[in-house]
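First the structure, in the form of structure tokens, and then the observations on it.
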Amino acid sequence: MTPSHQHEFSRLDTFTDPAAFAFEQSKLASIWTFLGLASDLPNDNDWFRTSLASRSVFVQRFGKQLRAFENVCAHRSFPLRNADKGNGPVVCGFHHWQYDREGRAVGIPQCRQLFGKTPHELNARLTEVEIALCGDFIFGRFRGLGTSETLEQYLAEGFPILEAMSGGQSKRRSIKKISESQLEVLPSDQSRRLSHRCRPSRHARQAGIPEARKMSYFRFGPHSAYFTTPDRTALETMATECRAGEWRSADFRLFQMFPNFIVAHFMVDHGFWYVVVLQHVAEGPDRTTMRSWFYPAPFPADRSPLKRWTMRLTELVRPHLVGLALRHVQRQDHAVCENHQTVAHQMPGKRRAGAFEERAVWFEEAYREAMARGEALA
Ligand code: FES
């Protein structure tokens, strides 16, 4: 499918039609997308595998540098990384070509006999993924037309906030992957997730989320946020205070970064705040992998003398209880996603509840812009 055929499918088609899905993903390939955490790569040659616009990629540490490449050997396209994470040089398991940190094939067995050239003359390379950091968060994109925008420009007001919420690379933290399950969901369908989170659902009542008039919604670039405060200047204030290192945990905050990244700041006990990071990785029209991490919010917070006094004891069990609660919420989300997918093929052209909510409409607009912009990367 080419850009000229774009009008021939709607976003709903991408939930059921492989060609529409492939075109959507090719358009998203050149947009800054969350890939993972730098703190998951503490040692030289540590790597993790993930995907970018449904293409398998891996991020690897080379000394102080992080580099990312498409997970496809330049020789015969064998996947270079065949596990979720590991440690070691980039050596293909098929014919043992070895690559350096620039993605160049520098070790090719019997190169001159087979190709009549040295590896340097052959100049075979991996496809590089451009990456940039926002604190501990690694973002990546494939280079293409219209990719001059820096990550900081792309995240706009969200950059200093996410940088602070990530906790920075130097802080020791407890980060746990909650789940990485194959889900039958609507790929890239953040609006459904938004509607699920925005409405007064069971989660919301459990979490004590207040009524709509006490919430504030914000739109910045293709992204959005909602806070449980009526203060309409709260986003700007938070960005300023995060830049200055002065922000304090005080209320629920959720950031929805286009296309598939959510960061939420929430209270688990009076005076104790956590951050949960969610990445929805579209694998196919009917399949998405969700990865998530959580850790104590890296901000000071007000706590009663009793909470401070009992903290050493309660900290032994709190992370465990937070993990249980988040898994419970995600199981409910998974069930909703799976049920939604079962009727996706019956819905072409029909609007769903999420389409009537303002933030979901913002997402739809950002999505349409992304589909209309730039080139479709092969
Ligand atoms: S496919 Fe990788 S070395 Fe041949």
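Figures for the structure shown
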item: Candidates A83, A105, filtered to the one that is more than 15 Å from the ligand (Cβ to nearest atom), of a type outside the set (K, R), out of contact with any Cys (no Cβ under 6 Å at 6 or more places or on another chain) and not assigned by TED's automatic domain parsing to the domain that holds P222; result: A83
item: Qualifying residue in the range 94-102 (condition: away from the ligand (no atom under 16 Å from the Cβ), within 30 Å of L162 (Cβ to Cβ) and assigned to a loop (DSSP other than H, G, I, E, B)); result: yes
item: Test result for A74, in a strand (DSSP E or B) and within 11 Å of the ligand (Cβ to nearest atom); result: no
item: Hey, F94 closer than 14 Å to L37 by Cα and either open to solvent by 50 Å² or more (accessible area, probe 1.4 Å) or hydrophobic (A, V, I, L, M, F, W, C) (or both) or not; result: no
item: Close pairs (9 angstrom Cβ cut-off, 6 or more residues apart or separate chains): in the same structural domain as F94 (by TED's automatic domain parsing) in the range 108-122, open to solvent by 90 Å² or more (accessible area, probe 1.4 Å) and within 12 Å of the ligand (Cβ to nearest atom) anywhere; result: I108/H96; I108/L114; P109/H96
item: Looking only at the range 108-134, and only at residues there that are within 15 Å of the ligand (Cβ to nearest atom) and under 30 Å from Y154 (Cα atoms), the one that is least open to solvent (accessible area, probe 1.4 Å); result: L126
item: Residue match in the range 48-70 (condition: among the aliphatic types (A, V, I, L, M), within 16 Å of the ligand (Cβ to nearest atom), assigned to a loop (DSSP other than H, G, I, E, B) and under 24 Å from the mean Cα position of the chain (by Cα)); result: no
item: Residue tally, condition within 24 Å of the chain's Cα centre (by Cα) and without any contact (Cβ under 8 Å) to a residue 40 or more places away in the chain, over the range 276-330; result: 4
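Each row is one residue, and each column tells you yes or no for (1) more than 30 Å from E24 (Cα to Cα); (2) out of contact with any Gly (no Cβ under 8 Å at 6 or more places or on another chain); (3) open to solvent by 30 Å² or more (accessible area, probe 1.4 Å); (4) not aliphatic (A, V, I, L, M).
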position	(1), (2), (3), (4)
V277	no, yes, no, no
V281	no, yes, no, no
P285	no, yes, no, yes
T289	no, yes, no, yes
F294	no, no, no, yes
P300	yes, yes, yes, yes
L306	yes, yes, yes, no
M311	yes, yes, yes, no
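The values are calculated or read from the model by the stated rules, or taken from the named source; none is laboratory data. Because the structure is predicted, anything quoted here is derived from the model rather than measured. A quick note on method: Cβ atoms are made from the backbone with ideal geometry, for glycine too, and the neighbour counts reach across all protein chains shown. Note: areas computed on protein heavy atoms with side chains; ligands, DNA, RNA excluded. Shrake-Rupley method; radii C 1.70, N 1.55, O 1.52, S 1.80 Å.
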